[in-house]
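A.B. asks: Encoded as structure tokens, here's the structure I'll be asking about.
The values are calculated or read from the model by the stated rules, or taken from the named source; none is laboratory data. Keep in mind the model is a prediction, meaning the values are calculated, not measured. Ideal geometry is used to build each Cβ from the backbone, glycine not excepted, and the neighbour counts take in all protein chains shown. Only protein heavy atoms, including side chains, enter the accessible area calculation; ligands, DNA and RNA are left aside. Shrake-Rupley method; radii C 1.70, N 1.55, O 1.52, S 1.80 Å.
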Amino acid sequence: MSVSELTVAAPVTAPTAHVVGRVEEIPPGEGRTFVVAGTQVAVFRLRNGSLHATQASCPHAGGPLADGQTDVDVLVCPLHQYAYRWSDGASTSGAAALRRFPVRDRDGDLVVEV
Amino acid sequence: MTAILGGRPEGLTALSLGDDEFDPRSRLVVVGNGMAGARFVEEVLERGGGEQFAITVFGDEPHGNYNRILLSPVLAGDQHEDDIVLNSHDWYADNGVRLRAGVRVERIDTAAKLVSADDGTLTPYDHLVLATGSYSFVPPMKGVRTADGGLLPGVYGFRTIDETRALLAETGTCRRAVVMGGGLLGLEAARALQGHGLQVDLVHAMPYLMNAQLDPEAGAILRKSVESLGITVHLDVLAGQVLGEARVEGVLLNDGRRIDTDLLVVAAGVRPHTDVAVRSGLEVERAIVVDDQLRTDDPDIYAIGECAQHRGEVYGLVAPAWEHAKVLADVLTGTDPDAEYHGSRTATKLKVAGVDVAVMGINTPQRDDDEFLVISEPKRGVHLSVVIRDDKLVGATLLGDTRKVAFLTQAFDRGAPLPEERIRLLVDLSDGAEEVGVAELPATTQVCNCNGVTKGAICGAVADGCGSVGEVMDRTRAGKGCGSCKSLVKQIVESAADGNLVEDPAASYYVPGIPLAKPELMAAIRERDLRSVSAVFAALAPGGVDDAKSKMGLTSLLKMIWGVDFLPEKDGEFINDRVHANIQRDGTFSVVPQMKGGVTTPAQLRRIADVAEKYEVPMVKLTGGQRIDLLGVRKEDLPAMWDDLGMPSGYAYGKSFRTVKTCVGSDFCRFGLGDSTQLGIDLETRFQGIESPAKMKMAVVGCPRNCAEAYVKDVGVVAIGNGKWEVYVGGAAGASVRKGDLLATVDSPGAVITLAGRFMQYYRENANWLERTYDFVPRIGLETIQQVLLEDSEGIVADLDAGMQRSIDAYTDPWGQDGKEPATPGQFRPSLPLIDLPLVPVR
């Protein structure tokens with residue numbers, strides 16, 4: 001007889017889209033934090049024009065990610081230089097992965113789904 | 001509820017598909033989620049075992065996998081518990097490994113191949129690995145246990161994170177502690193508790209400390225070092241009874257003495273956890289008996305780590321456990337079905353209670369013709385000895401000075417030939433021999449004993465393109481165990497990157513993202529007129545791609561090259577430079593106003609006090625650079641604070657010229673030979689805010705008594721009378737301590753300012769990014785620097801002066817500038833708006 005565990009996923013509510021501000025509020029290459037439906041979300045506008053949104057505090061030690069430095073591949077936390085890939089949120093330095101949120105530019109409005 | 005170390009954030013759960021019935025993979029069950037068990041799983045996954053096996057790991061503790069070796073620094077408060085997590089719960093989920101944390105395995109039905117656990121579940125296996133480790137041994141003492149068999153409140157082992165947390169909590173209320181056991185763990189615990197301000201008594205049953213590793217003489221010297229820390233040591237005595245009813249109140253020693261205490265830590269050794277194996281009918285002697293393939297007497301059950309007994313040996317160190325993990329992973333995954341483990345020669349290097357210790361082989365001569373060399377310096381706390389047999393090193397003990405450990409480990413492991421003058425094994429008889437040594441070490445030398453990383457593996461990582469010590473450590477895991485080999489790893493990486501044998505072009509890049517060394521990079525920037533960081537990436541980076549970790553170095557370099565003609569880009573700056581303040585661990589900032597030469601006025605102090613009160617600054621602190629630091633300032637308050645202060649920035653946050661410390665010199669001091677205060681103020685006025693490859697700290701003292709520590713500054717100036725001043729360069733008193741080299745003696749304050757400026761410009765143009773002067777000066781060589789700066793051997797002195805002048809002309813006070821008008825939208829917006837900062841309570 002085999003006994004297997006059954007783990008149930010937490011109830012998930014469908015994400016909703018929120019307009020959090022204007023694209024030009026974020027200087028190129030930098031990030032700014034917005035509060036979206038009670039959640040802190042750091043939104044970044046890269047030098048290549050792409051937008052990315054992640055959790056606001058670093059999984060390693062809670063550092064303010066919007067104060068970090070960016071390039072086309074990674075975001076680097078200012079506190080201990082842990083780096084996270086935009087593509088999947090994974091840390092290149094062995095920390096836990098970053099939570100990411102869908103973000104897009106709708107006629108200059110920043111739209112984040114949380 | 002206590003927090004789960006390496007746990008998952010609330011609300012996140014792994015979804016198990018429950019399709020075990022259809023899983024074609026064989027079932028691999030690991031009992032034990034400690035240093036051995038978790039490493040074994042990693043090794044299996046590394047060999048592609050995730051496709052072969054459905055892996056389940058049972059862990060007695062509810063946590064993810066953490067580095068048990070580092071519990072001592074956590075107890076000492078040197079490391080946060082989050083920093084010792086090796087594999088979080090997420091890691092297991094991400095790798096498809098089922099972690100049953102907080103579930104204890106009770107027995108194994110070897111016939112039905114089922115594991116039964118204390119939560120009532122039965123888990124089938126095809127292969128089972130026991131990695132149950134050890135537990136703290138509590139010697140029989142009257143009164144140590146309560147009626148229900150648990151330890152008396154106030155009595156702890158020191159083996160798990162939960163015990164460490166409990167001890168940390170107790171340090172808040174306890175004044176006295178007794179630590180039982182004078183081995184490694186006991187000494188570490190004693191040191192950590194004493195660091196929290198407790199009065200510590202160490203009770204050890206043997207006649208000298210660390211008797212398992214040291215000889216009596218070395219043990220005696222260690223005792224002196226430990227006692228000099230303020231720890232009371234009682235040797236050769238047992239504790240027979242623990243006093244106290246509801247909680248520990250004291251211990252009674254067998255010689256009749258009583259020690260009152262609020263806390264008792266038992267670190268009297270460990271015992272292998274073998275009860276599951278015993279109950280399941282496996283062969284157990286001192287530990288679970290295994291063969292050369294780590295197999296027990298049941299062909300599908302294996303044992304690794306501290307719970308395994310191989311050829312009569314039971315190891316209590318992490319290195320053999322990790323070797324077990326490798327061999328067993330080779331065998332089970334079929335990567336090398338014939339892999340065998342033949343035992344470990346244990347060479348240990350560690351830091352115990354602040355003292356460096358390295359031990360290998362035997363510690364005293366055993367035969368008549370054994371050679372035995374001892375250097376004993378009890379006053380310095382140094383005791384070194386080697387035992388040589390038939391021209392081979394068979395043992396070494398290093399206490400208080402482990403500089404020679406790399407050579408000795410090599411000689412011990414490989415039987416390498418020994419120098420005829422045996423004393424060379426223990427001391428360097430000529431200068432610089434140590435550096436040669438790193439380059440000469442054979443590739444097979446094991447550098448990191450925790451992770452079994454050889455010099456060859458480190459050099460290989462450098463050759464594969466790892467451009468920094470950190471990258472090499474990430475790639476090879478060297479230095480990621482106890483960390484004591486980090487400096488050796490660094491030396492080898494440096495030697496590998498600079499040497500002729502291993503060519504690693506990346507090591508010579510000024511910043512990782514642009515494949516050019518500094519001179520070529522500077523030439524290209526000038527030639528192509530690149531004035532912004534993005535322009536440099538577009539023109540010089542492979543594919544025109546930007547690189548986050550290069551931006552700060554490029555910003556600094558461009559500022560130096562272009563002065564006022566630099567085109568600033570805020571994203572090219574580190575956050576400190578973006579907001580002109582130093583970021584703190586909670587995301588607040590520290591504000592240090594300029595205070596030239598460390599001289600202030602009552603009006604200035606009043607203003608600082610008013611500002612500190614108005615903005616509820618949690619901490620006001622005097623800095624080492626003779627200034628006042630306002631810590632815990634919210635980002636959004638910065639501009640208003642600067643405005644209220646009305647003082648320029650002290651640049652305490654930048655890779656830049658920082659501050660000039662001074663003594664009171666000839667103004668008030670009876671001994672002052674020169675006006676050091678004024679010269680310090682003049683230097684700071686001239687060089688304020690100048691960016692550089694790494695920070696530059698200065699000091700000026702009015703006499704060689706050196707009250708402002710000029711001998712250990714990047715540039716230090718000392719008045720020696722008759723109007724003469726000595727200029728020292730390359731000093732340091734941080735993580736490295738180095739007395740500066742005397743660059744020149746000059747005969748006026750004006751000449752000091754000129755020479756200091758020339759040196760700093762030469763450093764700015766030639767140093768590697770983040771290379772401090774204490775590395776730069778020895779790398780270039782004092783004589784070369786003297787020839788260039790004093791004799792103008794390269795004909796560049798006029799250029800150096802002009803370059804420095806360009807930067808001085810470009811100086812503006814950033815507080816005055818951005819305070820009025822933000823440089824970018826939201827420059828001072830909070831980055832963690834929902835978190836109430838600062839997190840530090842106001843003092």
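A.B. asks: Along each of the three principal axes of the Cα atoms of the range B:604-742, give the extent in whole Å, ordering the values from largest to smallest.
C.D. replies: Rounded to whole Å, the extents work out to 50, 34, 25 Å.
A.B. asks: Follow-up question, since we're still on this one. Around B:Gln309, which amide H atoms from residues at least 5 apart in sequence, or from another chain, sit under 5 Å from its own amide H, with H modelled in the peptide plane?
C.D. replies: B:Ile288, B:Val289, B:Val290
A.B. asks: So how much slack lies between B:Val737 and B:Arg528, counting 0.36 nm per residue of separation and subtracting their Cα-Cα distance, in nm? All intermediate terms of the calculation are to be shown ahead of the outcome.
C.D. replies: Working: separation 209, 0.36 × 209 = 75.24 nm, distance 4.08 nm.
So the extension gain works out to 71.2 nm.
A.B. asks: Calculate what fraction, in whole %, of the accessible area of the range A:21-113 sits on carbon and sulfur atoms when a 1.4 Å probe is rolled over the protein chains.
C.D. replies: Details: 1480 of 3390 Å².
Accessible surface attributable to carbon and sulfur in the range A:21-113 totals 44 percent.
A.B. asks: On to the next question. What FRET efficiency comes out for B:Arg104 versus B:Phe137 if R0 is 25 angstrom and r is the Cβ-Cβ distance? Round to the nearest 0.05. Before the final figure, lay out the partial values.
C.D. replies: Numbers: r = 19 Å, r/R0 = 0.77.
Calculated transfer efficiency: 0.85.
A.B. asks: Counting only other chains, and only Cβ atoms inside 10 Å, what mean value do you get across the residues of B:823-831?
C.D. replies: Working: counts 1, 6, 8, 9, 3, 0, 5, 7, 14.
Counting other chains' Cβ atoms within 10 Å and averaging over B:823-831 gives 6.
A.B. asks: Using only helices, what value at 222 nm comes out for chain B when you add -39,500 (n - 2.57) per DSSP H run of length 4 or more and divide by the total residues, to the nearest 500 deg cm²/dmol?
C.D. replies: Values: 27 runs with 264 residues, N = 843.
Calculated at 222 nm, the ellipticity per residue is -9000 deg cm²/dmol.
A.B. asks: Starting from the 7 Å offset along Cα-to-Cβ, what nm value, one decimal, do you get for the label separation of B:Gln293 and B:Ser748?
C.D. replies: With each label point 7 Å from Cα toward Cβ, the separation is 8.6 nm.
A.B. asks: Go through B:Thr232, B:Tyr208, B:Ile288 and say which Cα lies farthest out towards the positive end of the charge dipole of the range B:189-292; charges sit on Cβ, +1 for Lys and Arg, -1 for Asp and Glu.
C.D. replies: B:Thr232
A.B. asks: For chain B, take the longest principal axis of its alpha carbons; what is the angle in degrees between that and the long axis of helix B:602-614, to the nearest 10 within 0 to 90?
C.D. replies: Helix B:602-614 and the main axis of chain B meet at about 50 degrees.
A.B. asks: Further question on the same structure: Work out the mean other chain Cβ neighbour count within 10 Å for the residues of B:36-49 and drop it here as an integer.
C.D. replies: Mean partner shielding for this stretch: 0.
A.B. asks: At 1.567 mPa s and 4 °C, plugging the Kirkwood radius over alpha-carbon pairs of the range B:577-645 into Stokes-Einstein gives what diffusion coefficient in µm²/s? Walk me through the intermediate numbers first.
C.D. replies: Numbers: Rh = 12.2 Å.
My calculation gives 106 µm²/s for D.
A.B. asks: Quick one: which of B:561-570, B:264-273 comes out on top by average Cβ neighbours within 10 Å, and what's the full order, highest first?
C.D. replies: On the way: B:561-570: 16.2, B:264-273: 22.6.
Sorting B:561-570, B:264-273 by mean packing, highest first, produces B:264-273, B:561-570.
A.B. asks: A further question follows. How high is the FRET efficiency from B:Thr346 to A:Ala37, r the C-beta distance, R0 60 Å, rounded to 0.05?
C.D. replies: Values: r = 57 Å, r/R0 = 0.95.
According to the calculation, E is roughly 0.60.
A.B. asks: How big is the range B:518-561 by the Kirkwood estimate over distinct Cα pairs, in Å? Present the calculation step by step, with values, prior to reporting the outcome.
C.D. replies: Values: mean 1/r = 0.0969 Å⁻¹.
10.3 Å is the Kirkwood radius here.
A.B. asks: Something else about it: Starting from the Cα coordinates of chain A, work out the convex hull volume and express it per residue in Å³.
C.D. replies: On the way: hull volume 15.1 nm³, N = 114.
That works out to 133 Å³ per residue.
A.B. asks: Quick check: residue separation of B:Glu821 and B:Asp836 times 0.36 nm, minus the Cα distance between them. What number comes out in nm?
C.D. replies: On the way: separation 15, 0.36 × 15 = 5.40 nm, distance 2.58 nm.
Gain in length upon complete extension: 2.8 nm.
A.B. asks: Could you give the length gained by full extension between B:Gln786 and B:Ala147, i.e. 0.36 nm per residue of separation minus their alpha carbon distance, to one decimal place?
C.D. replies: Details: separation 639, 0.36 × 639 = 230.04 nm, distance 7.69 nm.
Contour length minus the Cα-Cα distance gives 222.3 nm.
A.B. asks: Label B:Asp162 and B:Asn211 with points 7 Å out from Cα along Cα→Cβ: what is the distance between them in nm?
C.D. replies: Here the modelled spin labels are 3.2 nm apart.
A.B. asks: Tell me which GluC sites (Glu not before Pro) from the range B:289-363 have a DSSP coil assignment and no more than 15 other beta carbons within 10 Å of their own.
C.D. replies: Those that pass, being in a loop and sparsely packed, are B:Glu340.
A.B. asks: Separate question: Rounded to the nearest 20 debye, what is the charge dipole size of the range B:155-268 about its Cα centre when +1 sits on each Lys and Arg Cβ and -1 on each Asp and Glu Cβ? Please list the in-between numbers first.
C.D. replies: Numbers: 10 positive and 14 negative charges, 34 e Å.
It works out to roughly 160 debye.
A.B. asks: Also, quick follow-up: Quick one: what Rg and Dmax do you get for the range B:347-505 from the alpha carbons, in Å?
C.D. replies: Rg then Dmax for the range B:347-505, in Å: 16.1, 54.
A.B. asks: Could you give P(r) for the range B:520-623, binned at 5 Å from zero, as whole percent values over all Cα-Cα pairs?
C.D. replies: The distribution over the range B:520-623 is 2, 10, 17, 16, 12, 9, 11, 10, 6, 5, 1, 0, given as percents.
A.B. asks: Rounding to the nearest 20 debye, state how big the charge dipole of chain A is about its Cα centre with +1 on each Lys and Arg Cβ and -1 on each Asp and Glu Cβ.
C.D. replies: Working: 9 positive and 12 negative charges, 9 e Å.
In debye, rounded to 20, chain A gives about 40.
A.B. asks: Let me check I have the definition right: for chain B, take the eigenvalues of the Cα gyration tensor, multiply each by 5, take square roots. What are those semi-axes in whole Å, largest first? Display every interim value, and only then the final one.
C.D. replies: Numbers: eigenvalues 532, 210, 192 Å².
Equivalent ellipsoid of chain B: 52, 32, 31 Å, largest first.
A.B. asks: Mind checking which lysines have their C-alpha under 20 Å from B:Lys713, skipping anything on the same chain fewer than 8 residues away?
C.D. replies: B:Lys596, B:Lys655, B:Lys661, B:Lys695, B:Lys697, B:Lys724, B:Lys739
A.B. asks: Would you pull out the residues with amide H under 5 Å of B:Tyr302's amide H, same chain only if 5 or more places away, H placed 1.01 Å from N?
C.D. replies: The answer is B:Leu128, B:Val129, B:Leu130, B:Thr296.
A.B. asks: So what is log10(I(q)/I(0)) for the protein assembly as shown at q = 0.06, 0.09, 0.10 1/Å, when the Debye sum runs over its Cα atoms only?
C.D. replies: For the protein assembly as shown at q = 0.06, 0.09, 0.10 Å⁻¹, log10 I(q)/I(0) is -0.52, -1.20, -1.44.
A.B. asks: Just want to confirm a number: the relative contact order over chain B, from Cα pairs under 8 angstrom separated by 6+ residues, in percent.
C.D. replies: Working: 1687 pairs, mean separation 57.2, N = 843.
About 7 percent, as a whole number.
A.B. asks: Using the Karplus equation 6.51 cos²θ - 1.76 cosθ + 1.60 (θ = phi - 60°), what ³J(HN,Hα) coupling, rounded to whole Hz, does each residue of the range B:791-805 give in order, writing x for Gly and Pro?
C.D. replies: Each residue of the range B:791-805 in turn: 10, 6, 4, 9, x, 10, 4, 4, 5, 4, 4, 5, x, 5, 4 Hz.
A.B. asks: Hey, what did the range B:155-268 get for relative contact order, percent, Cα under 8 Å, at least 6 apart? Provide the component values of the computation, followed by the final result.
C.D. replies: Values: 214 pairs, mean separation 37.8, N = 114.
Once normalised by length, the contact order is 33 percent.
A.B. asks: Where both partners of a DSSP beta bridge lie in the protein assembly as shown, what percent of those bridges are antiparallel, to the nearest 5?
C.D. replies: Values: 102 of 146 bridges.
The antiparallel proportion sits near 70 percent.
A.B. asks: Here's another thing I want to ask about it. Skipping prolines and chain starts, which residues have an amide H placed within reach, meaning under 5 Å, of the one on A:Tyr82, given they are 5 or more residues away or on another chain?
C.D. replies: Residues meeting the criterion, in which the H sits 1.01 Å from N, are A:Cys77.
A.B. asks: Which residue fluctuates the most in chain A, going by a Gaussian network model with Cα springs under 10 Å, if the choices are A:Gly29, A:Gly38, A:Gly21?
C.D. replies: A:Gly38
A.B. asks: Using a 1.4 angstrom probe, figure out how much accessible area the protein assembly as shown has per residue, in square angstrom, rounded to the nearest whole. Don't skip to the end; give the middle numbers.
C.D. replies: Numbers: 41450 Å² over 957 residues.
Result: 43 Å² of accessible area for each residue.
A.B. asks: How many nm is it between the label spots at B:Asp368 and A:Glu113, if each spot is 7 Å from the Cα in line with the beta carbon?
C.D. replies: If labels sit at B:Asp368 and A:Glu113, their model points lie 8.7 nm apart.
A.B. asks: Using only Cα atoms, tell me the angle between helix B:184-195 and the longest principal axis of chain B; keep it within 0 to 90° and round to the nearest 10.
C.D. replies: It works out to around 40 degrees.
A.B. asks: Using a probe radius of 1.4 Å on protein heavy atoms only, what is the accessible area buried between chains B and A, both sides summed, to the nearest 100 Å²? Show your work: numbers first, answer last.
C.D. replies: Values: alone 38200 and 6870 Å², together 41450 Å².
Counting both chains, the buried surface is close to 3600 Å².
A.B. asks: Which percentage, to the nearest 5, of the DSSP beta bridges contained in the range B:657-810 is antiparallel? Can you show the working numbers first?
C.D. replies: Working: 13 of 21 bridges.
About 60 percent, rounded to the nearest 5.
A.B. asks: For the range B:157-165, what does the Karplus curve 6.51 cos²θ - 1.76 cosθ + 1.60, with θ = phi - 60°, yield as ³J(HN,Hα) per residue in whole Hz, taken in order and with x for Gly and Pro?
C.D. replies: x, 9, 9, 10, 5, 5, 5, 5, 4
A.B. asks: Binning every alpha carbon pair distance of the range B:690-843 at 5 Å from zero, what are the percents per bin?
C.D. replies: Binned Cα distances yield the sequence 2, 8, 15, 17, 16, 12, 9, 8, 7, 4, 2, 1, 0.
A.B. asks: Angle, helix B:318-333 long axis vs. longest principal axis of chain B, Cα atoms, 0 to 90°, nearest 10?
C.D. replies: 70 degrees
A.B. asks: Right, next: Putting +1 on Lys and Arg Cβ atoms and -1 on Asp and Glu Cβ atoms, find which of B:Met619, B:Ser590, B:Thr600 reaches farthest to the positive end of the dipole of the range B:577-645.
C.D. replies: B:Thr600
A.B. asks: Quantify how much of the Cα-Cα distance distribution of the range B:764-843 extends past 23 Å, in percent. Show your work: numbers first, answer last.
C.D. replies: Details: 1765 of 3160 pairs.
Looking at the range B:764-843, the distances longer than 23 Å represent 56 percent of pairs.
A.B. asks: If you don't mind, another one. I need the shape label for the range B:313-401. Rule: rounded when a/c is under 1.5, else prolate if a/b > b/c, else oblate, with a, b, c from the alpha carbon gyration tensor. All intermediate terms of the calculation are to be shown ahead of the outcome.
C.D. replies: Numbers: a/c = 4.27, a/b = 1.83, b/c = 2.33.
It comes out oblate by the Cα gyration axes.
A.B. asks: Sticking with this structure for a sec: Counting only the backbone N, which residues of the range B:54-72 are under 11 Å from the spot 7 Å out from the Cα of B:Asp118 toward its beta-carbon?
C.D. replies: Zone members listed by number: B:60-62.
A.B. asks: Using a 10 Å cut-off on Cβ to Cβ distances, tally the other chain neighbours for every residue of B:543-555 and report the average as a whole number. Present the calculation step by step, with values, prior to reporting the outcome.
C.D. replies: Working: counts 1, 2, 5, 9, 6, 12, 6, 2, 5, 2, 0, 0, 0.
For peptide B:543-555, the averaged partner shielding equals 4.
A.B. asks: Can you give me the convex hull volume of the Cα atoms of the range B:195-307, divided per residue and expressed in Å³? Numbers along the way, then the final one.
C.D. replies: Details: hull volume 20.0 nm³, N = 113.
Spelled out: Cα convex hull of the range B:195-307, divided by residues, is 177 Å³.
A.B. asks: Ok, one more. Tell me the trypsin sites (Lys or Arg not before Pro) within the range B:346-434 that lie in a loop according to DSSP and have at most 11 other beta-carbon atoms within 10 Å. Before the final figure, lay out each step's value.
C.D. replies: Numbers: sites: B:Lys349, B:Lys351, B:Arg367, B:Lys379, B:Arg380, B:Arg389, B:Lys392, B:Arg403, B:Lys404, B:Arg414, B:Arg422, B:Arg424; in loops: B:Arg367, B:Arg403, B:Lys404.
Listed in order of number, the matching sites are B:Arg367.
A.B. asks: Among the trypsin sites (Lys or Arg not before Pro) in the range B:220-323, which ones are in a DSSP loop with at most 13 other Cβ atoms within 10 Å of the Cβ? Mind listing them?
C.D. replies: On the way: sites: B:Arg223, B:Lys224, B:Arg247, B:Arg257, B:Arg258, B:Arg279, B:Arg286, B:Arg295, B:Arg311; in loops: B:Arg247, B:Arg257, B:Arg286, B:Arg311.
Hits after loop and neighbour filter: B:Arg247, B:Arg257, B:Arg286, B:Arg311.
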